[in-house]
Amino acid sequence: MATIKRTVEVELSTTGLDAQGRPQRVPLAVAEDGSTVAVAAPPSLEPELEGEHMLINIGPQHPATHGVLRLVLELDGETVVRCIPHIGYLHCGFEKIGEYRQYNQIIPWTDREDYLNSIGNNVAFALGAERLFGIEITERCTVLRVIAMELSRIISHLVWLGTTCIDIGAFTPFLWLFQERENVYALLERWIGARLTTTATRVGGMAADLPNGWTEQLQTFITLFPKTLDEVDRVLTRNGIWVGRTVGLGAMTAEEALNYGLSGAMLRASGVAYDVRKDFPYLDYETYDFDVPVGTNGDVYDRFLVRFEELRQSVRILEQALRRLPDGPVNIDDHRVILPPKSKATSEMESMIHHFKQVMEGPRPPIGEAYVAVESPKGEKGYYMVSDGTSKPVRWRIRPPSFVNLSAIPRMVEGHLLSDVIAINASIDIVMGEIDR
Amino acid sequence: MGLTPRPEPNVVSYDPKGGEGWVTTRLDFLVNWGRANSLWPMPFGTACCAIEFMATAAAQFDLARFGMERMSFSPRQADVLICAGRVPFKLAPVLRRIWQQMPQPKWAISMGACASTGGMFDNYAVVQGIDTIIPVDVYVPGCPPRPEGLIYGIMMLQEKVKRERAADPSIRHEMEPDPTSQLYIPPSAINELSEPFGNAVHQTRSGL
Amino acid sequence: MSPSSSFAPVIPGSGLPAGSPAATTPKQIPHRGGPVNPTVDALREKFGAAIQRVDVVWGETSVVVERSRVAEIVRWLHDDPGQSYVYLSDVTAVEFRDVEQPLEVVWHLRSLAFRRFIRLKALLPKGTPLEVPSVYPIFKSADWMERECYDMFGVKFVGHPDLRRLLMWEGYKEGFPLRKDFPLRGRFSRAEQLRQALAANPEARYSKEELSIADAFEDLPQDMRARLRSGEKTGE
Ligand code: SF4
């Protein structure tokens, strides 16, 4: 690590605000009348080190970077003067490989790109592809997909909360939350057959209908899960350490947050009530009754509160979805996009031909393009697909929410302490698989 | 699928007819027993497999039962590198650096299809198996492997550790490929072997 | 921290006339020729010939605009209170398999106040320099998206302050991965790719900001030092 001499660029002397008008941490004291006054920083113990900045490197392999993010931080003492993120350590060429695959074949890749939210991505991709094909899915499929998306939001937020707890120094909630995650895994496994990489949707339907007794199992989960939430709520929300380590960190104002393109809980914590489910709805989300939590300060603590409330709202949506789950077919009745059942494919000539045509050639959408965004746990997740009339997309673009959210990290950490960088970084809820693709 | 009973673990034992003394074999046994049951893992988690690794470490599967309670996030205090997830070329030098920083004795588990072979990412960006960068002891198949699968891999590694002999230092040698050896495949031949084949890339029967 | 008394959440849809219905899931969208985004008329009026073509595909309005005036148009869309496209969803590019077809740079913009979505496109015909104006001065979110687009397609965003590779490493020699002439497995053989990757220094610093720290200069690869000395910007 190089130690470098250079001039101090950020004035730390203004009370509470720096040259750009951002809140700064200055030692505060309480005056007699109760107002807070700034106290001049104590004289440096080692004057010869003043103005000496250090460049430190966090990552790519570091437990608190949630993957393989690399941050180069320039420190003045313990204060971050400048942060330079480096990404791309998990760039796996998803978008390139998508151009070589048929639409249904791309779905396994969507699992692996934001891997905390696999089934939600499956749904999002299928929605995009269906827009491109001009398909209207069935009633039952719509509700099943809502269930899938909300379960996915729950498990993603659980990982976020668990790992953030570890980063900030609380280990127990991690164990509790992962226990709940295992319950959701059990549900998913019974439904789809996989725990993490679900590949649950198909263009025009789902890979499988619910097995018998699944809804009761989900009902049990919905009843028990809020209890765990309450427990976690009790240990975290009013916990002095937790509050002390999250309040006031990485605050973004609403205008800034919009300008930096933040989405999801990051944006809502800053006071912008933008939720794709409400404002550009899909899957009939407008017919569900749920609230969009909005923060006021836009700091790490507000992001925590917003995400925590989203967990409860997801449970509400799940309840409603369970209640309205209609009977009927899951897949649309169109042999050009949906595979015939196996029994028919091996016994009827016509079905066999459909099967063959679909597997070998793949369904072909008309020429066109579609950008379909959903509210993923991280924010606005969009799939932009361009078709030239062949069975493979010309371009499959992922609009990764945490990529855009992460790009604001220099703005969020500058002026904070080194240890707060970890909390701020955790609050973004980054998934490197999605950021680097 | 668990139908055959597991064979008795093969450990270093004293054989009166063998050339080695009671003390060395017993000492080896003791050392190996200690090592195998307190492997400190260094989780090099990059992608989805890391989430299953976390699930393995959490309450339900409880990696602590195998003496792996202490995750060592610094390579310098670790015994086992568990590479969970895909390794793109940009990460390759990082992985090698981490491996070099680990002190001997050290082992590596390659968790998941991507780390072992590149998995479904047969493209310009991903290393086709981390064994092109570091030596690997146990490959755990799966995409992602279930926690049970990872635990099985860990138990296999423990068995391997229990069979090591202090008298045989060759297992700790880091070997460079020897171009004069019969087994050496020059890079050009590797390139030829790894040319695109199968239907992964050329699956274009429909004419794109 | 108590919420400041002046706190007023930004509510999407607030620009719509009072009592307008809530947004609903679009159903039965026609392939072509659905309702056009009302912004288009305003754009036509304001920019005239710079608006080259308007398509409505699957209910989404795409506006092909003159490439040199993109930044100006986006600025107007962002600033005009009657439009207020304050959210930039995406910046990306599309290259078609047909080599004759121009490369397209695509911007997806959202107006939260009016709940509108618009897609702007600039066509970059093959054989012309791949350059479009950057929208970074308007949207900070364009920073990484433009860098990624440069990294993957080689499209230069004129006016971006720090346009260099984002996902691939600086000094990646094989080209721009998402171009159609780039083979799926890269241009070099596996062994060569690995050799080049392993030769990289994981601690290397390439960012201009890091470079502004004079001492880090010595850590740079030789060729980059030479290039920087000659006054070139990084990443080009
Ligand atoms: S093997 Fe599968 S689950 Fe594991 S990292 Fe690779 S794609 Fe992800």
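Quick look at the numbers
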{"quantity": "Answer residue from segment A:182-198, given it is within 16 Å of the ligand (Cβ to nearest atom) and in a helix (DSSP H, G or I) and is nearest to the other protein chains (Cβ to nearest Cβ) among those", "calculated": "A:Tyr185"}
{"quantity": "Residue in segment B:95-125 that is nearest to the ligand (Cβ to nearest atom), counting only those that are facing another protein chain (nearest Cβ under 7 Å), among the hydrophobic types (A, V, I, L, M, F, W, C) and buried (at least 23 other Cβ atoms within 10 Å of the Cβ)", "calculated": "B:Phe121"}
{"quantity": "Breaking point among (1) over 24 Å from A:Val394 (Cα atoms); (2) in contact with a Ser or Thr (Cβ under 6 Å, 6 or more places away or on another chain); (3) of a type in the set (D, E, K, R), for C:Lys140", "calculated": "(2)"}
{"quantity": "Single residue of segment C:11-59 satisfying the filter (on the phi > 0 side of the Ramachandran plot and in a loop (DSSP other than H, G, I, E, B)) that is nearest to the other protein chains (Cβ to nearest Cβ)", "calculated": "C:Trp58"}
{"quantity": "Pair list, Cβ under 7 Å, 6 or more apart: segment B:101-114 residue on the phi > 0 side of the Ramachandran plot, other residue within 16 Å of the ligand (Cβ to nearest atom) and open to solvent by less than 20 Å² (accessible area, probe 1.4 Å)", "calculated": "B:Gly112/B:Cys49; B:Gly112/B:Ala84; B:Gly112/B:Gly85; B:Gly112/B:Val140; B:Gly112/B:Pro145"}
{"quantity": "Boolean, A:Ser347 is part of a loop (DSSP other than H, G, I, E, B), small (Gly, Ala, Ser), loosely packed, with under 14 Cβ neighbours inside 10 Å and without any contact (Cβ under 8 Å) to a residue 60 or more places away in the chain", "calculated": "yes"}
{"quantity": "Count - residues of segment A:107-151 that are among the β-branched types (Val, Ile, Thr), more than 10 Å from every other protein chain (Cβ to nearest Cβ) and part of a helix (DSSP H, G or I)", "calculated": "7"}
{"quantity": "Which listed residue, of A:Ile166, A:Ile241, A:Ile154, is exposed (fewer than 15 other Cβ atoms within 10 Å of the Cβ), more than 16 Å from the ligand (Cβ to nearest atom) and part of a helix (DSSP H, G or I)", "calculated": "A:Ile241"}
{"quantity": "Selection within segment B:126-166 - within 14 Å of chain C (Cβ to nearest Cβ), assigned to a loop (DSSP other than H, G, I, E, B) and either within 13 Å of the ligand (Cβ to nearest atom) or open to solvent by 30 Å² or more (accessible area, probe 1.4 Å) (or both)", "calculated": "B:Val127, B:Gln128, B:Gly129"}
{"quantity": "The listed residue being assigned to a loop (DSSP other than H, G, I, E, B), within 16 Å of the ligand (Cβ to nearest atom) and not hydroxyl-bearing (Ser, Thr, Tyr), out of B:Arg86, B:Arg70", "calculated": "B:Arg86"}
{"quantity": "Tally of residues being without any contact (Cβ under 8 Å) to a residue 60 or more places away in the chain, open to solvent by 40 Å² or more (accessible area, probe 1.4 Å) and more than 11 Å from every other protein chain (Cβ to nearest Cβ) across segment A:279-329", "calculated": "5"}
{"quantity": "Residues satisfying the stated conditions in segment A:106-142, i.e. of a type in the set (Val, Ile, Thr) and open to solvent by 10 Å² or more (accessible area, probe 1.4 Å)", "calculated": "A:Ile135, A:Ile137, A:Thr138, A:Thr142"}
{"quantity": "Segment A:402-414, subset more than 10 Å from chain C (Cβ to nearest Cβ) and crowded, with 23+ Cβ neighbours inside 10 Å, residue nearest to A:Tyr282 (Cα to Cα)", "calculated": "A:Ser402"}
{"quantity": "Residues that are assigned to a strand (DSSP E or B) and more than 11 Å from every other protein chain (Cβ to nearest Cβ), drawn from segment C:62-106", "calculated": "C:Val63, C:Val64, C:Val65, C:Val105"}
{"quantity": "Conditions (1) outside any loop (DSSP other than H, G, I, E, B); (2) under 10 Å from the mean Cα position of the chain (by Cα); number of the one not met by C:Tyr136", "calculated": "(1)"}
{"quantity": "Test set (1) in contact (Cβ under 8 Å) with a residue 60 or more places away in the chain; (2) surrounded by fewer than 16 Cβ atoms within 10 Å (Cβ to Cβ) - C:Ile138 fails condition number", "calculated": "(2)"}
{"quantity": "Verdict on B:Ala55 being open to solvent by less than 20 Å² (accessible area, probe 1.4 Å), more than 16 Å from the ligand (Cβ to nearest atom) and at negative phi", "calculated": "no"}
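The values are calculated or read from the model by the stated rules, or taken from the named source; none is laboratory data. What you see is a predicted model, and the numbers here were worked out from it, not measured in a lab. Here Cβ is always computed from backbone atoms with ideal geometry, including for glycine, and neighbour counts include all displayed protein chains. Calculation scope for accessible area: heavy atoms of the full protein, side chains included, ligands and nucleic acids excluded. Shrake-Rupley method; radii C 1.70, N 1.55, O 1.52, S 1.80 Å.
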